[in-house]
Each structure stands twice: as structure tokens, then as C-alpha cells.
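We did not get these values from a lab; they are worked out from the coordinates using the rules stated. As the structure is a prediction and not an experimental result, all values here were calculated from the model. So basically every Cβ, Gly included, is an ideal-geometry build from the backbone, and we count neighbours across all protein chains shown.
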Amino acid sequence: MYNLILFGPPGAGKGTQAVKIAEKYNWIHISTGDILRAEVNQGTALGLKVKAIMEAGQLVSDELLVEIMESVFVRHALVKGFVLDGFPRTLNQAKALDKMLEKLGKKVTLVLSLDVDEEELVKRLLKRAQDQGRKDDTEEVIKNRLIQYHQHTKPLIDYYREQKLLKEVIGVGSVDDIFTTLCLAIDAN
Ligand code: B4P
């Protein structure tokens, strides 16, 4: 089982590239953002719990995310590979993921980190606000999401670098060129 983590700040292109990678390699794409948004849209108990947190650009609790991911791994125990998009986002989540995979006799295979400067991130997310009207793509909430990223998520770069699992990829350019670079890194691993 190939377990790929697509890593990067909000707006780096994780979701965009994860869809393409999952299609090419026939892996399962898991976007925790999409899972949570679906719960919100369906008005489930979980959705009601996380709606305000997401709309404020805060991180949902590690406990909830770990619970969600445990059920994902149980449901897809026999797949060829996973592209994890948006998970893990904290050190606690990363450690929980290691444990979940260990139980299945698996490990993280590779972490591809998309490197995009902050000006470009804000530009992309504000454009998405116009195109899709996502509630967390306002200027103020984007600022908060970037703060959360720097405080809680960016430290994972060192966590994975120390384990020699990290490859950094420039995330600015055409979607297809970035995709080609990501595939080369996957194939080389
Ligand atoms: P996500 O849905 O993961 O949102 P995101 O970080 O903005 O990533 P996204 O995948 O949408 O952006 P992408 O870079 O693809 O999370 C939303 C919220 O859910 C979080 O704030 C948090 O509240 C909660 N959450 C999710 N996971 C969690 C976790 N593990 N723990 C706690 N809370 C969690 O794309 C951005 C835009 O850029 C798109 O419009 C795209 O078209 C464009 N784009 C992509 N590539 C481009 C390129 N090369 N050039 C130009 N534009 C490009």
C-alpha cells in the first residue's frame, strides 16, 4: 500500500493535485476538508459541531479527525494506496496516523510538500471565493488559516524531514507541470 501525504499551506494546490494523483495511480483520495464540509452540508451532528470552527479558519479537534481517519482506514483496508490531502495537520495527528498505519502493518511512504509563497496563496483563495463562494475563503479567515498553518502544521515539515520522508516541490506554475513533478517524485520513491 502506497501512503502518500500531500502537504502544504491552505491554497497550495493539495486538493487540485490529489484528485489527479489518485486518478493516475488508482489510489483513494482522502480530503479531510471535503469530509468535514460534507458533514456540514448534510447538517449531521458532526457537521453542526465543526461548522463554526471551519468558518472561522480554526482547526477541528485532533480527537474528531483521528476518529474520522480511523473509520476511513477500516473502510478501505484493501486499497492499493492513499493520497492524504489535509491530514495530518498537527503533530498529534501525525503521531496518531503512524499508529493507525502500524496497526495495519503499514507506514507513510512519502510526504510531498507543495511550496507556495503567501501572496500567491491569498490570491488563489480569494479567486476561489469568487468562483465557489467557500465560507472560509474571506480575507480575514484566510489570514487565520495561515496563522494556524504556521503554528500547528508547518512543524510537521521537520517531523517528516527527520524521518527522510519529505520531498519539497515548487507549487507555483501550471497545474500540469506541478503534477508532472509530483509524479516523478512518486515514481522515484
Ligand atoms: P481544506 O479543505 O483542506 O482546505 P485548504 O487547506 O484550503 O486546501 P484546499 O485543498 O482546499 O486548497 P487547494 O490548495 O487545493 O481544509 C478546510 C478546513 O477544514 C480547515 O481550515 C480546517 O478547519 C478543517 N480541517 C481539514 N482537515 C483538518 C485536519 N486534519 N485537522 C483539523 N482541521 C481540519 O486549492 C486552492 C485553490 O488554488 C483552488 O481554487 C485551486 O483551483 C487553485 N490552484 C491549485 N493549484 C493551482 C496552480 N498551480 N495555480 C493557480 N491556482 C491553483
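Identify, among 82, 104, 10, the residue whose Cα sits farthest towards the positive end of the charge dipole of region 2-188, taking +1 on the Cβ of Lys and Arg and -1 on the Cβ of Asp and Glu, with the dipole about the Cα centre.
Value computed over the given set: 104.
I'm checking a number: the convex hull volume of the Cα atoms of region 94-189, normalised per residue, in Å³. What is it?
135
For every other residue with a beta carbon closer than 13 angstrom to the beta carbon of residue 77, add +1 if it is Lys or Arg and -1 if Asp or Glu, then tell me the sum.
So the surrounding residues net to +3.
Need the full-extension length gain, residue 63 to residue 38, defined as separation in residues times 0.36 nm minus the C-alpha distance. One decimal, nm.
Extending this stretch completely gives an extra 7.2 nm.
For the chain, what does the helix formula give at 222 nm: sum of -39500 (n - 2.57) over DSSP H segments with n ≥ 4, over the residue count, nearest 500 deg cm²/dmol?
It lands at -17500 deg cm²/dmol.
Which value results when the Cα radius of gyration for region 2-188 is divided by 2.2 N^0.38 Å?
Relative to the rule-of-thumb radius for its length, region 2-188 sits at 0.98.
Could you check the simple spin-label distance between residue 176 and residue 52, using points 7 Å along Cα→Cβ, in nm with one decimal?
4.7
Quick one: net charge of residue 156's neighbours, Cβ under 11 Å, K/R +1, D/E -1?
Surrounding charge for residue 156 is +2.
Any chance you could run the full-extension gain for residue 28 through residue 163? It's 0.36 nm times the residue separation minus the Cα-Cα distance, nm to one decimal. Don't jump to the answer; show the numbers that get you there.
Working: separation 135, 0.36 × 135 = 48.60 nm, distance 2.40 nm.
The residue 28-residue 163 span can extend by a further 46.2 nm.
Around residue 8, what is the net charge, scoring Lys/Arg as +1 and Asp/Glu as -1 over all other residues with Cβ under 13 Å from its Cβ?
Net of charged neighbours comes to 0.
Contour minus end-to-end for residue 75 and residue 92, with contour as 0.36 nm per residue of separation and end-to-end as the Cα-Cα distance?
Separation in residues times 0.36 nm, less the Cα-Cα distance, equals 3.9 nm.
Which ³J(HN,Hα) values in Hz, rounded to whole numbers, follow from the phi angles of region 21-34 under the Karplus curve 6.51 cos²θ - 1.76 cosθ + 1.60, where θ = phi - 60° and Gly and Pro get x?
Once rounded to whole Hz, the list reads 5, 4, 5, 5, 9, 6, 9, 8, 8, 10, 10, 5, x, 5.
For the chain, what does the relative contact order come out to in percent, with C-alpha contacts under 8 Å and a separation of six or more?
Relative contact order here is 33 percent.
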